[in-house]
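Since the structure comes first, as structure tokens, the remarks are kept for the end.
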Amino acid sequence: MPQDAAHAPETLLDVRNLSVDFRTPRGRVKALRDVSFPIRRNRIVGIVGESGSGKSTVLWALLGLLAKNADVMGGEVRFGDRDLLHASEAQLRATRGEEISVVFQDPMTSQIPVLTYGRQMLDILYRRPNVSATEKRHMAVEMLRKVGIPDPDRRIDQYPHHFSGGMRQRAGIAMALLTGPQLLLADEPTTALDVTMEAQIIHLLQDLQKELDATIVVVSHNLGLIAELCDDVVVMYAGEVIEAGDVREIFHNAQHPYTRALLECDPARINDVSRKLPVIPGDIPDLSKALSGCIYAPRCQRVLPVCRETLPPDVARGEMSLARCHLLDGPHRDSSWPPPLDVMTVGQGEGTAAKPARAQRDAPLLDISDLSVQFEVVGPIQARLKGLTQRHVDAVLDVSLSVAPGETVGLVGESGSGKTTLGRCVLNLLPSQAGHVRFEGEDIRNMPEGRFKPLRRDMAMMFQDPVGSLSPRKSVRALITEPFQIHGIAGVDLDAEAERLAEMVRLPKHFLSRYPHELSGGQARRVGVARALALNPKLIIADEPTAGLDVSVQGEILNLMADLQAEHGLGYLIITHNLPVVRHIADRLAIMYLGRIVEEGPTDEVFARPVHPYTRALVEGVPQPDPDRRRVHVSISGEVPSLLNRPKGCDFAGRCPVAQDRCRTEKPPHLTMTDGRRHACHFPLG
Amino acid sequence: MLYYLTKRLGLSALVIGLVVLVLFSLLYFIPGDPATIALGPRATEEAIARYAEKMHLDEPVWRQFLIYIGNALTGDLGLDVFSDRPVTAIILERIGFTLSLVGVGMGWAVLLGIPLGCLAAVRPNSWLDRVTGILSVGTIAVPSFLVSIWALLIFAVHLRWLPAIGAGEPGQVGDQLIHLILPAFAIGLSWVGYLARMVRASMLEVMGENYIRSARAFGLRPRRVIFGYALRVAILPTITLIGMGFGGMISSTVFAEIIFARPGLGKLIFDAVMARNFPIVQGAVLVATGLYVLVVLFSDTLIAWFDPRVRESL
Ligand SMILES: Nc1ncnc2c1ncn2[C@@H]1O[C@H](COP(=O)(O)OP(=O)(O)OP(=O)(O)O)[C@@H](O)[C@H]1O
Ligand code: SF4
Ligand code: SF4
Ligand SMILES: [Mg+2]
């Protein structure tokens, strides 16, 4: 292959035919099968795929740090003149941190809590005997400065818990770049961060790549991030690379049916605001079973009989482009595939598609007014001894919000903005200090549990972590019918109810005898929905209903919730930080910042014309799954201040691009505009 | 920090106060004349009278208690019934034997148990791990007085490698050390197993943490990863365990000191109880409690020193 020789010097690392198995009690899991792709020098390569597709396994294989139960079944990883798969432990250790370095997914758990950043960074430089400790420290300080840590001379002596999530990730990047590695691997570098922080980290990585001439591999399930950050993209599905290519080719001219479906399912991409989202039916295949033919065949919208038997060919197009599908080459080639971008190739699942008529706003189901929730942060004696005057923080401050029957209200904010506290307070799980919470006209705030209990049937909560909130020892049947027992409701046929509810959330009947650990993320979420629906509630409060779900499954859950709403006239209060999702499902949005609602209004208007600068930053903060719509600048910098030192004036003043003197002294009140939208800003955007 | 210290010192004082109260009220709950009980049946009339006067037995009980506390605070723990010597002086003579025994006993257990636990965790299911596991269970199950007796019979009586009884010639460090070996072995043995198990369990947990994977991904030496990173976190629960276990250690010294006839605090308490020499019992138990409280305080401080998160929440 002459072409191969031509671009060989440009390829920094080449993964060839990599196969990895995991030994598990269920048998061998064939986690990677015949994975090949090049990493080209000075490029940012994105590896994208849904959970369990093997993205992380590829990264760890490159470093020789696979789990103990992993077996490399074949292949090579060429890095210069070495094969990293067959290198000795000493050689690998020399490569790690020096030539190939890593930024980790969760900066909260991947940095040791008991050592300062200075110590950790010195440790990384241990292979430089000729550099004095003072010089090493200087290098570390400079690197921290470069990644945007303010006052690095002082902060280098602090511990990870002194840093906020975003700062920690910056420090994580600084540690990885300290030795000037040729290749930087980043596993979901922003997944644990808020939207505004994510935008900042994306830009930091981009700038550093240019400045340091580095090569970066980013693993992510976030298509927007990949489109914004990467030059090359590798798409993985169930342990195989099914498509690879230049970022524009992948996003504008995807060849593989799975890539196409994945792009279509991303709520951030869908412009038409309908309640029904596209979904890819079915689940990722069980990799411990025997596999044959195309790995995507069971879910493919274009499957042919041949697909189930014969492995599709790798069809190459350009330098690194390839796609693995029968439609692209050979006897089954279909020249009409792929269809133009505006043609949908996946359906929207079963159920009614109608968006329910917008609810009447005059009789709210839930009506919150001027609600405040305080938390005590220090005890009285401790405050005295430490000389603190302020013992409480306002986690929720002056919040007014209402939800009508049949209406979906999205409550959006970054972590720590008080969303979950507000939800818990409505459900009377937390005491509040001021204001009113009315449910169907009755004030339920701080009601004694005895009186509140009957109301719990009308209000249900869907929890954030579906598997964690389900008792592991109970079968799905017992879990679904648990609400009947909690509320001591006699005289119902529990088995019949379980079947009714399972059918409602479209969970096949044989799942009723399973246990939570035998469910996939989407299935566990369905059980959560079924539990919430058990007693025919009128209001459902859903805390991040799709967090951690893959886009293809996320649509199913949201569609299900929309159908149930249309049928039963449910009111939803959806708590989330995922703007693309609420844009599709919410009638109205409330944006929270530091415990206050800064803007509230109909969803489409808030998106089209944000009034509050923070709302605008959030809306612009969502990376678009389109490489031609990259943002050139980050709209806001800095991060959410701590509740402990709430600013005197506007809470957002420290980060607001249009702040003026008045903002720093005077808290903006809530104002209602002529069109009924409300905001809290002295200088609303026109 | 100030808050924490105030709280801890207050709590320690409370613990010691309670122990004194219990010791003190024992005398008054047992029927009969407190002086006779305190001094035992063999005390002379004269001693009883002196005791009654010294202890202000004609005063109300709560005043007597306060007087005892006040005296104890100034270091006066009363007089030995038989020799009339100050209890404080007697305890000071003996305490060194106990401290050295506990120190060496715990010391060798720590020096052996922690590395064993570490190695076992680094190579789970290796032969070293298995042997450590079996030995741990074995040594934890055997009470220390049995170990003392067996050690005495085997090494001193049968093999005659080591001296059987006593604490060695006063002033001769070498001789004293040789006399320490068997009792320290006896009281430390179960701790080796205990510590190895504890460290293994927490090391295994910590080795699975993300930050250990990070350290390995940065190419740090395995030695640095294990001792500089993993052990630094895994040691924290062990320090608490050692601090708390100190109480148990003191009670095992009682057996060891009796069996090996070491003139330490434990033996002192034992002899005093047998002779119903109550001022000594009271004083010695009080000192032992004080020691225990100090050690726990020290281990908590050590944790704060190792863990910045704890340090700052103080
Ligand atoms: N240590 C392990 N033992 C057994 N199976 C494993 C192990 N690690 C990963 N797997 C399996 O290998 C497959 C690939 O996992 P991997 O973590 O690489 O996926 P991923 O694409 O990174 O997913 P995510 O987006 O959830 O991080 C999955 O089926 C997973 O269950
Ligand atoms: S090979 Fe067949 S099943 Fe696989 S993606 Fe192509 S069309 Fe679909
Ligand atoms: S009040 Fe001022 S600081 Fe606050 S958001 Fe409006 S313009 Fe910005
Ligand atoms: Mg992963």
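The values are calculated or read from the model by the stated rules, or taken from the named source; none is laboratory data. Quick caveat: nothing in here was measured; it's all calculated off a predicted structure. Cβ atoms come from the backbone with ideal geometry, glycine included; neighbour counts cover every protein chain shown.
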| query | Counting only residues that are crowded, with 21+ Cβ neighbours inside 10 Å and more than 12 Å from ligand 2 (Cβ to nearest atom), which one in the stretch A:318-337 is modelled with the lowest pLDDT? | reply | A:M320
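The rows are residues; the columns are (1) without any contact (Cβ under 8 Å) to a residue 40 or more places away in the chain; (2) farther than 18 Å from A:D651 by Cα.
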| site | (1), (2) |
| --- | --- |
| A:I381 | yes, yes |
| A:H392 | yes, no |
| A:S400 | no, no |
| A:G406 | no, yes |
| A:G413 | no, no |
| A:G418 | no, no |
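Matching residues to (1) crowded, with 17+ Cβ neighbours inside 10 Å; (2) away from ligand 4 (no atom under 16 Å from the Cβ):
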| site | (1), (2) |
| --- | --- |
| A:V20 | yes, no |
| A:P25 | no, yes |
| A:R41 | no, yes |
| A:S53 | yes, no |
| A:G64 | yes, yes |
| A:N69 | no, yes |
| remark: Filtering strands (runs of 3 or more DSSP E) wholly in the stretch A:9-106 for at least 1 residues that are within 14 Å of another protein chain (Cβ to nearest Cβ), within 29 Å of the chain's Cα centre (by Cα) and hydrophobic (A, V, I, L, M, F, W, C) gives A:70-79, A:100-103
| Top-ranked residue in the stretch A:109-134 [being hydrophobic (A, V, I, L, M, F, W, C) and either more than 9 Å from chain B (Cβ to nearest Cβ) or within 16 Å of ligand 4 (Cβ to nearest atom) (or both); ranked as surrounded by the most Cβ atoms within 10 Å (Cβ to Cβ)] | A:M121
| remark: Of the listed residues (A:V315, A:V303), the one being within 11 Å of ligand 2 (Cβ to nearest atom) and in a loop (DSSP other than H, G, I, E, B) is A:V303
| said: Tally up the residues in the stretch A:308-330 that are touching a residue at least 24 places away in the same chain (Cβ under 8 Å) and touching a helix residue (DSSP H, G or I) at 6+ places or on another chain (Cβ under 8 Å), please. | reply: 9
| Yes or no: A:I173 at pLDDT 90 or above and surrounded by 24 or more Cβ atoms within 10 Å (Cβ to Cβ)? | yes
| query | If we keep just the residues of the stretch A:370-415 that are buried (at least 17 other Cβ atoms within 10 Å of the Cβ) and of a type in the set (D, E), which is farthest from the other protein chains (Cβ to nearest Cβ)? | reply | A:E407
| request: Could you check, for the stretch B:154-169, whether at least one of its residues is surrounded by fewer than 17 Cβ atoms within 10 Å (Cβ to Cβ), within 14 Å of another protein chain (Cβ to nearest Cβ) and among the basic types (K, R)? | output: no
| query | Only one residue in B:L23, B:L66, B:L77 is modelled with pLDDT of 70 or more and surrounded by fewer than 16 Cβ atoms within 10 Å (Cβ to Cβ), so which one is that? | reply | B:L66
